[in-house]
Amino acid sequence: MTLPVILLSSLAVLLLAVQILSVLAVRRRVSRAPALADAMPPITVLRPVCGLENNLEQTLRSTFLQDAPEYEILFCVARADDPVVPLVRELIAQYPQVPAQLLVGDERPTGNPKLDNLVKGWTAARHDWIVMADSNLDLPADYLRQLVGAWTPGTGLVSSPAIGTRPEGAWARLEAAFLNTHQARWQLFADEMGQGFAQGKTLFWRRDVLNAGGGVQALGAALAEDVAATRLVRAQGLKVRVARAAFAQPLGRRTWAEVWRRQVRWARVRRPGFPMLYAGEIFSGAAPGALLLVGAALLGLPLAVPVGYLILWYLVEHLLARRAGWPHGPGDTLASALRDALLPAIWVAGWAGSGFTWRGNAMSSDTVQGAAAKEKVTG
């Protein structure tokens, strides 16, 4: 075996070893029951809403079904004529035993539409423990108990990725492949390594922690509130913890364009937020290792080696998804292979631009910095 073949094969094996290590760590994690708090503080649940999404009635209804002794729900919407308003009002009427209200207002202090929507809820919250939960998350009954249970000494924030469930069609399966065995796995693995970081689907705070970092408006210092939240917490010498069990996001149907735009948007959020980590993302899928082995095969390595490499790569992912109860059929494995084929293109798109459009709002580093400067002057 020649030296080039050895070098190419060794690099590929190293990438596969990291893949297997992360999968084994997360598989062990999801095999353990989540820590549930017994003593529960009063909690405010903030849910930003905008438009009608897949399974929205189900996900919003889950907010009212929490196994917690005292909590309030504040739904936040920008416009009174938003089509989601009647649904929210109907749900509030159906659960009079749960303190809940709909807050309407379109102030824009941060340049981030989602965050702007949440500012009024943060101001109105009656409790000092506050969770920001995206409207498309289907919250289990023990959601709040899991968040409090994950709050250990030295914590400044508890977060969690979303798990794509109930995908309908090939493109929704592709989105689930991005969300589950890729993005969620790496976030859960980072937390296992003591390097937890925030994901905007769930942000669970104690009010004084966020206020010490500049208040909710400070989360507008980056393109995404989760990047700003991670920096803010770490700047105080505190840790971002990740709940042991990720929470479901029912997907329904997706189009190819929706999946592509969403992945490019997230790439352009991560790249300026954590550029050194983003630089390494090119190696997170199967494609680089497989290409290294194909190169080695052209130099004499048996072709069965790269084939076996790919089989092992996706087998361990499949076993993780099956153990965790995530989508894991043959179609999901094919979606994972397509995901990895797309990752280099998405990575390049992340470097190629800094702006994107989200729900009709043009966003870039310039718009965020401009809003932050305006808030600093006027506030």
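Remarks
- Cα-based reach from LYS120 at 14 Å (exclusive), listing aspartates and glutamates while leaving out same-chain residues under 8 positions away: ASP106, GLU107
- Overall form of the range 303-349 per C-alpha gyration tensor (a/c, 1.5; a/b vs b/c): oblate
- Gyration tensor over the Cα atoms of the range 42-187: the corresponding equivalent ellipsoid has semi-axes (square roots of 5 times the eigenvalues, largest first) of 23, 20, 17 Å.
- Tilt relative to the chain, helix 256-273 - C-alpha long axis, 0 to 90 degrees, to 10: 80 degrees
- Distance from the range 45-87 to the range 143-175 (C-alpha centre basis), Å: 17 Å
- P(r), alpha carbons of the chain - 10 Å bins starting at zero, rounded %: 5, 22, 33, 25, 10, 4, 1, 0
- When HIS127, HIS328 are compared by accessible surface with a 1.4 Å probe, the order from highest to lowest is HIS328, HIS127.
- Taking the C-alpha atoms of the range 167-311, convex hull volume expressed per residue in Å³: 151 Å³
- For the range 218-330, the per residue solvent-accessible surface stands at 45 Å², with DNA, RNA and ligands left out and a 1.4 Å probe.
- Residues whose amide H comes within less than 5 Å of that of VAL242, counting only those at least five positions distant or on another chain, are SER159 (H built at 1.01 Å from N in the peptide plane).
- Residues in the range 309-326 reached by a label modelled at ALA341 [backbone nitrogen below 18 Å; 7 Å Cα→Cβ]: 309-315
- Accessible area per residue, Å², the range 1-141 with all protein chains present, probe 1.4 Å: 45 Å²
- Per-peptide average of other Cβ atoms within 10 Å, ordering 176-185, 1-10 highest first: 176-185, 1-10
- Between LEU36 and GLU70, the simple spin-label model (points 7 angstrom out along Cα→Cβ) gives 2.1 nm.
- Peptides 250-257, 224-231 ordered by average Cβ neighbours within 10 Å, highest first: 224-231, 250-257
- Here's the picture: charge each Lys and Arg Cβ at +1 and each Asp and Glu Cβ at -1 in the range 107-227, and of VAL209, GLN199, ALA124 the one pushed furthest to the positive end of that dipole is ALA124.
- A protection proxy built from the mean count of other Cβ atoms within 10 Å ranks the segments 18-27, 269-278, most packed first, as 18-27, 269-278.
- Solvent exposure of the range 143-193 as accessible area per residue, Å², 1.4 Å probe: 27 Å²
- One equal scatterer on each Cα of the range 279-338, no solvent, Debye formula: the resulting log10 I(q)/I(0) at q = 0.22 Å⁻¹ is -0.90.
- The range 228-356: radius of gyration over Cα atoms, expressed as a fraction of 2.2 N^0.38 Å: 1.27
- Helix-derived mean residue ellipticity, 222 nm - over the chain, DSSP H n ≥ 4, -39500 (n - 2.57), to 500: -16000 deg cm²/dmol
- Within a straight-line Cα-Cα reach of under 18 Å, LYS239 can be paired with the following aspartates and glutamates, leaving aside sequence neighbours fewer than 8 residues apart in one chain: ASP191, GLU192, ASP208, GLU225, ASP226.
- Accessible surface of the chain, 1.4 Å probe, proportion on carbon and sulfur as whole %: 62 percent
- Helix 113-124 axis versus longest C-alpha principal axis of the chain: approximately 40°, rounded to the nearest ten.
- The range 45-86 residues near the modelled ASP106 label - backbone nitrogen below 18 Å, point 7 Å along Cα→Cβ: 48-52, 76-86
- Virtual paramagnetic centre 7 Å along Cα→Cβ of VAL85, amide N under 15 Å, in the range 60-77: 75-77
- Against the main long axis of the alpha-carbon atoms of the chain, helix 287-298 sits at an angle near 10°.
The values are calculated or read from the model by the stated rules, or taken from the named source; none is laboratory data. All values reported here derive from a predicted model rather than from experimental measurement. Cβ coordinates were reconstructed from backbone atoms using ideal geometry, including for glycine residues, and neighbour counts include every protein chain displayed. Ligands, DNA and RNA are stripped out before the accessible areas are found, and what is left, the full protein with its side chains, is counted by its heavy atoms. Shrake-Rupley method; radii C 1.70, N 1.55, O 1.52, S 1.80 Å.
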